[in-house]
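In what follows, a structure is listed as C-alpha cells, so that the remarks can point back to it.
The values are calculated or read from the model by the stated rules, or taken from the named source; none is laboratory data. Just so you know, these numbers come straight off a predicted model, no measurement behind them. Quick reminder, even Gly has a Cβ in these numbers, built from the backbone with ideal geometry, and neighbours come from all protein chains shown. In case anyone asks, the SASA skips ligands and DNA or RNA and just uses the protein heavy atoms, side chains included. Shrake-Rupley method; radii C 1.70, N 1.55, O 1.52, S 1.80 Å.
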Amino acid sequence: MPTSFLRCFNTACAAVYPVTEVIYNCPKCGGLLEAAYEKPTWTATEMKRTFRERRMDNAPINQSGIWRYRELYPFLDSDEHIVTLREGNTPLLDAPRAAKYGGLDQITFKHQGFNPTGSFKDNGMTCGASQARRLGMQRVACVSTGNTSASMAAYASAGGLQPIIFIPHGNISYGKLAQALEYGAQTLQVEANFDQILALVRVLAERLGIYLLNSINPFRIEGQKSIAIEMMDQLDWNPPDWIVLPGGNLGNVSAVGKGLRELKEHGFITKLPKLAVIQAAGSAPFYDYMAEAGRTFHSVTHPETLATAIKIGDPVSWPKAELEIRTAGGVVESASEQEIADAKAVIGAAGIGCEPASAATLAGIKKLTAAGVIRADEHVVAILTGHVLKDPDYIYRYHTGQLKDPAGSAIAATFGNAPTVVPNDADAIAKLLG
Ligand SMILES: *Cc1c(COP(=O)(O)O)cnc(C)c1O
C-alpha cells in the first residue's frame, strides 16, 4: 500500500499531516483537508482486472462496492478496521421517457438510493466509520436530521461504535430521523441552529474524544469517490460526456471530481466527464457564485427548499467543488420547486423513483439542454442520491395537488396521479376500468 497522508487543500499552505491525526481543518491555516497518497506501484490494467475478479468473491470487503476499489483510497493500515454493510453496487438504469423529458436521446441514472440506508452517504460513512475504528475511537457524532444521521447511525452501530446525533430543535425530517433512532443513535435535540450546534459539537468532540463524521471529515469524501469509480467500471472505463448531480454541502461533487481526476492520473480513463451541479433555487449560494465572474462567495442566510437534503446555505466544500467544476469545464444550474417536483414525478413514472433532492438532476438537465449547454446526443449520467421512500409525505401531497413551496404557494400536480374514490360496486368499478 502506498503511504497516505492528510494535506491542506489550500494550495498556498499545502501543509501535510499524518493520516492518524484527529483534525478536521488545517491547524495552520484553517483550510479544508484532503487525503493524499504516494504514487501507486500497480498499473491501471492490473487493477481493472483485480476489481473485476473481486466481484466474484464472497469476502465482505470484495462484495462491497466501495472496498472492492480500496487501492484507490488506501488510507487504512489494516482491513480489520473496515465496517461494511455491502454498500455501493448501485445500478446504472436507462430511462427513455425521462431522457425525452430532459431533452436527451438517452439518459443513465446511477441510483445511490440502492445503498443500505438509502443514500450515497453510505459510500462515505463506511470509510469514516472504519477510520474511527482505526483511530481507536469509541464514539462518533454528527449534526444532521437527514441522510447523514441515518447513515452514521447504521455504520457506527454495525462497527460497535456509539453514534451520537445532534439535531436542531424543531424542523425535523421524520423519515430520516426514524432510521437514526432505529439504528440506535443517541439523539440530542439542542435549542440552537445548525451552525451553532456544529460549533458546540466541535468543542465537545475535542473535550470528550468523540470523532466527528460531518461532511468536513476528509475520509467521507474518499469513500464517495467510489461513486465515480464504480460508474466507470460499469461503463467499461468509457467516461460519459456529463455527470450531473445535486449540490448541497458540495461534498459529493468534490468527491466525484477527485475520483475522476485520480482515475485519469493513474491511467484508468483518458478523458474527464464534465460535471454539472444543480442547486435548488431557494438554496443556491454556489450557483450564484459561479454565475458571475469575479464574485466573492456569499452564503444564503435562510435557505429554503422542500428538497431538504440540499437545503444548505453555507456549503463547507465549495472551494473543492469549484476546482472540480472548473477542471473539466462543468456548469452549475438551479431549479425551482415546481421544476424539481415535476422532474421527480417523471423519474417515478419511469419505475425508478428518488427523493426530491435527487430529482434536481433531471430538472437541471432539462434547462441545460434547452440552453444548448448539453447536446441531445451527449451521454449523460445523472446521480440519483436518495431513495424514493425517504420523503413519502412530499409524494402524496404532490400527486393529490396539496404540495406547497416554502413560501406557501401551490405546486401544480403536473404529472399528478391521485387515488380515485369508488363505490363498493363491481359494476361501477368495471365501468370505470373500461
Ligand atoms: C447529502 C445529500 C445531497 C447533497 O450532497 P452534498 O454532498 O451535500 O452536496 C443530495 N441528495 C441527497 C439525497 C443527500 O442525502
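Evaluate the following for residue 372: is it more than 18 Å from residue 277 (Cα to Cα), outside any helix (DSSP H, G or I) and open to solvent by 40 Å² or more (accessible area, probe 1.4 Å)?
Against the criterion (more than 18 Å from residue 277 (Cα to Cα), outside any helix (DSSP H, G or I) and open to solvent by 40 Å² or more (accessible area, probe 1.4 Å)), residue 372 does not qualify.
Please find, within the stretch 214-272, the residue that is surrounded by the most Cβ atoms within 10 Å (Cβ to Cβ) out of those that are aliphatic (A, V, I, L, M) and under 30 Å from residue 197 (Cβ atoms).
253
Of the residues that make up the stretch 40-51, is at least one within 30 Å of residue 204 (Cβ to Cβ) and either surrounded by 14 or more Cβ atoms within 10 Å (Cβ to Cβ) or out of contact with any helix residue (DSSP H, G or I) (no Cβ under 8 Å at 6 or more places or on another chain) (or both)?
No; the residues of the stretch 40-51 include none that is within 30 Å of residue 204 (Cβ to Cβ) and either surrounded by 14 or more Cβ atoms within 10 Å (Cβ to Cβ) or out of contact with any helix residue (DSSP H, G or I) (no Cβ under 8 Å at 6 or more places or on another chain) (or both).
I need the full set of residues from the stretch 304-333 which are more than 12 Å from the ligand (Cβ to nearest atom) and crowded, with 21+ Cβ neighbours inside 10 Å, in order please.
Result: 306, 325, 330, 333.
How many of the residues in the stretch 141-199 are of a type in the set (Ser, Thr, Tyr), within 16 Å of the ligand (Cβ to nearest atom), assigned to a helix (DSSP H, G or I) and open to solvent by 10 Å² or more (accessible area, probe 1.4 Å)?
2
Look at residue 346 and say whether it is within 28 Å of residue 409 (Cβ to Cβ), at pLDDT 95 or above and within 13 Å of the ligand (Cβ to nearest atom).
Criteria not met by residue 346.
In the stretch 1-37, how many are open to solvent by 70 Å² or more (accessible area, probe 1.4 Å) and under 26 Å from residue 236 (Cα atoms)?
Residues meeting the conditions: 1.
Output the residues belonging to the stretch 273-303 that are over 21 Å from residue 398 (Cβ atoms), within 16 Å of the ligand (Cβ to nearest atom) and open to solvent by less than 10 Å² (accessible area, probe 1.4 Å).
275, 276, 277, 284, 285, 286
Scan the stretch 229-252 for residues that are within 6 Å of the ligand (Cβ to nearest atom) and part of a loop (DSSP other than H, G, I, E, B) and jot them down.
Hits for the stretch 229-252 are 247, 248, 249, 250.
Search the stretch 285-301 for residues that are touching a residue at least 24 places away in the same chain (Cβ under 8 Å) and pair each with any residue that is of a type in the set (Val, Ile, Thr) and open to solvent by less than 80 Å² (accessible area, probe 1.4 Å) when their beta-carbon atoms are under 6 Å apart and the residues are at least 6 apart or on different chains.
So the pair list comes out as 285/300; 286/332; 287/332; 290/332.
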